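Before anything else, here's the structure in question.
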Amino acid sequence: MLYKAKKLSLIRIELLNKIKMVWDVHEANWLEMYQFACEYYEEKGDLLIPEDYIIYDYIKLGSWISEQRKLKVDNSLSEERIRLLEEIGMIWDIHEYNFIHNKITKKI
């Protein structure tokens, strides 16, 4: 509260930064989920994550990926987040991807 109101001294800000203070919890949560998505991508090679996919017994990575798709459709996802997700192979339209992918595999 004091940080956002710019009522915290620079010394206190520096001290809190030294102990890894999280100033924006929502951003920190997004980045943590993004890191999990990166790990999934490194392991599987894509982000075709089932919506019910859970890691570590409680982290709903599949739901998070699905929510990112919905946010993009609603124009509620920042360009930076879109870019980050695209860097790790985000497929925004699963139906279109499946249609194209099925068409290609039928030709082979």
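Dipole size in debye (nearest 20) for the chain around its Cα centre, Lys and Arg Cβ +1, Asp and Glu Cβ -1? Please report the intermediate quantities before stating the final value.
Working: 16 positive and 19 negative charges, 77 e Å.
Roughly 380 debye for the chain.
Counting pairs on different chains as well as pairs 8 or more places apart, how many Lys pairs in the chain have Cα atoms under 28 Å apart?
For the chain, qualifying lysine pairs total 18.
Projecting each Cα onto the charge dipole of the chain (Lys/Arg +1, Asp/Glu -1 at the beta carbon, about the Cα centre), which of Val73, Ile100, Leu61 comes out farthest on the positive side?
Farthest towards the positive pole: Val73.
As I understand it, the value is the acute angle between the Cα axis of helix 94-107 and the longest principal axis of the Cα atoms of the chain; what does it come to in degrees, rounded to 10?
That works out to roughly 30 degrees.
What label, among (1) 7.7; (2) 9.7; (3) 6.7, belongs to mean projected area of the Cα convex hull in nm² computed from the structure on display?
(2)
Kindly express, to the nearest 10 degrees and within the range 0 to 90, the angle between helix 25-44's C-alpha long axis and the longest C-alpha principal axis of the chain.
With rounding to tens, the tilt is 40 degrees.
A short reminder: the numbers here are calculations on the coordinates, not readings from a lab. None of these values were measured; they are calculated from a predicted model. No Cβ is skipped: glycine too gets one built from the backbone with ideal geometry, and neighbour counts run over all protein chains shown.
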